[in-house]
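Data block below; observations after.
The values are calculated or read from the model by the stated rules, or taken from the named source; none is laboratory data. Just so it is clear, the structure is predicted and the values come from calculations on it, not from any experiment. Cβ: placed from backbone, ideal geometry, glycine included. Neighbour counts: every protein chain shown. When the accessible area is computed, the model is the full protein with side chains, heavy atoms only, and any ligands, DNA or RNA have been set aside. Shrake-Rupley method; radii C 1.70, N 1.55, O 1.52, S 1.80 Å.
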Amino acid sequence: MRRLLLVAAFLALIFTGNCLGMDAENVEWEAKHADEAYLMLYQSVHEKLNRDGSYIEDIHWIKKIQNEDAMDLGEISLFYDKKRQTLSNIKAYITTPDGKKHRYSMIQDVGGEYSDQRNKIITMPNVVKGSIIECKYSIINKYDLIKGEYSNIIPLYSMRPLNHYIFTLSVPDDMEIYFKKLNTERSLEASHANGTTTYKAEFKNDDIYDEKYSSEEYDLPAIDSAPFILVSTMKDWGEFSKWYWEIFSKNMTSNAEIKAEAEKLIKGKTTKEDKIMAIAKYLYQDIRYLQVNFNDHNYEPHPAVEVFKNKFGDCKDQTVLFATMLKEIGIGSYPAIVRAYTAGNPAPALPD
């Protein structure tokens with residue numbers, strides 16, 4: 001009996017020691033970053049992909065407020081597109097330094113009258129130094145921008161201290177999906193069960209924290225320098241281009257007014273180059289640039305007849321009118337999607 005008691009006491013001591021060691025490790029980690037406005041104690045993103053390209057995201061994070069500069073964290077913003085996404089299972093709590101747990105005080109759904117973009121604002125009470133805010137929610141994505149397709153960019157770096165991070169992606173075994181590593185040798189762990197493959201990445205104790213990415217002096221394009229794992233059901237940019245040409249070309253709508261204007265502009269012009277420049281000059285002078293990228297028009301141009309009638313449009317709107325007017329005078333053309341130098345070179349990446 002005495003021996004059993006001694007063994008039990010010994011095991012209890014080991015267990016307690018381990019727990020204290022873990023606590024001490026967390027205390028040491030927090031002390032190391034005492035100057036930060038807030039700390040990301042925990043973050044997880046779990047995505048479940050369906051065969052039709054729809055997917056569910058379960059998101060959970062825990063943050064600790066360390067000083068007055070982080071008081072704005074008491075107002076949580078969850079952005080979503082009401083046409084394609086639904087927010088559900090929202091839970092938000094704040095634990096004050098005295099150990100009391102408080103539920104959110106208010107949720108507002110804010111959005112513009114002419115857009116599907118929404119912002120669900122969660123207001124937390126008792127936001128003081130030392131408070132810990134915890135938030136959980138799910139996003140049901142009916143489909144991504146391209147129906148039936150899925151893409152994601154998994155950053156393997158953090159711009160602020162991160163104690164524990166988990167990412168998982170569950171994919172049906174019979175669904176083709178591609179992965180590509182950029183600026184890293186890390187890989188996702190894969191496991192199989194019940195016709196599904198789950199890919200996982202887990203990091204602890206600042207394993208992927210690199211303060212150079214939050215430095216104002218560090219301005220290299222992230223895609224050219226930072227570590228990522230890219231995921232896509234599209235194998236290459238050719239598939240993306242095919243999709244974009246479909247939504248672009250269907251908006252190359254014309255009418256008698258557009259045809260007459262194009263023919264008037266090239267009157268007296270003999271070379272193809274002069275004809276192209278005449279229409280380009282008209283677009284520059286008569287079609288006012290105006291950013292109108294609401295909803296799907298972030299990517300899809302408005303019909304050329306609308307742009308011509310309104311006399312305004314953004315870059316893709318002006319391009320679709322340009323291509324339409326060129327077509328009316330017998331010159332074929334295609335849009336070119338370009339990327340700013342500061343965003344880096346997308347060629348080695350998977351399409352998204």
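Quick notes on this structure:
- Pairs where the first residue, in segment 319-335, is touching a residue at least 24 places away in the same chain (Cβ under 8 Å) and in a helix (DSSP H, G or I) and the second is of a type in the set (S, T, N, Q) and surrounded by 18 or more Cβ atoms within 10 Å (Cβ to Cβ), C-beta under 9 Å, 6+ apart: V320/N251; T324/N251
- Boolean, Y244 is in a helix (DSSP H, G or I), modelled with pLDDT under 95 and surrounded by fewer than 15 Cβ atoms within 10 Å (Cβ to Cβ): no
- Matching residues, segment 34-49, being open to solvent by 20 Å² or more (accessible area, probe 1.4 Å), of a type outside the set (A, V, I, L, M, F, W, C) and under 21 Å from D206 (Cα atoms): D35, E36, Y38, Y42, Q43, H46
- Answer from S131, S191, S115 - the residue that is open to solvent by less than 30 Å² (accessible area, probe 1.4 Å), over 22 Å from the mean Cα position of the chain (by Cα) and among the hydroxyl-bearing types (S, T, Y): S131
- Which numbered condition M234 misses (of (1) open to solvent by less than 20 Å² (accessible area, probe 1.4 Å); (2) hydrophobic (A, V, I, L, M, F, W, C); (3) within 21 Å of V307 (Cβ to Cβ)): (3)
- Test: residue in segment 153-164 that is under 17 Å from the mean Cα position of the chain (by Cα), outside any strand (DSSP E or B) and not aliphatic (A, V, I, L, M): yes
- Selection status of K120, surrounded by 15 or more Cβ atoms within 10 Å (Cβ to Cβ), of a type in the set (K, R) and touching a residue at least 12 places away in the same chain (Cβ under 8 Å): yes
- Enumeration of residues in segment 165-201 that are part of a strand (DSSP E or B) and closer than 17 Å to A349 by Cβ: Y178, F179, K180, K181, L182
- For segment 50-69, filtered to residues that are surrounded by 18 or more Cβ atoms within 10 Å (Cβ to Cβ) and among the hydrophobic types (A, V, I, L, M, F, W, C), the residue that is farthest from Q85 (Cα to Cα) is I65.
- Out of S115, S88, S105, one residue alone is within 19 Å of D58 (Cα to Cα) and either of a type in the set (S, T, Y) or at pLDDT below 95 (or both). It is S88.
- If only residues of segment 255-295 that are of a type in the set (K, R) and outside any helix (DSSP H, G or I) are counted, the one that is most open to solvent (accessible area, probe 1.4 Å) is K267.
- Candidates A278, A323, A304, A256: the one that is closer than 30 Å to R118 by Cα, at pLDDT 95 or above and not charged (D, E, K, R) is A304.
- Total residues in segment 134-161, condition open to solvent by 60 Å² or more (accessible area, probe 1.4 Å) and touching a strand residue (DSSP E or B) at 6+ places or on another chain (Cβ under 9 Å): 6
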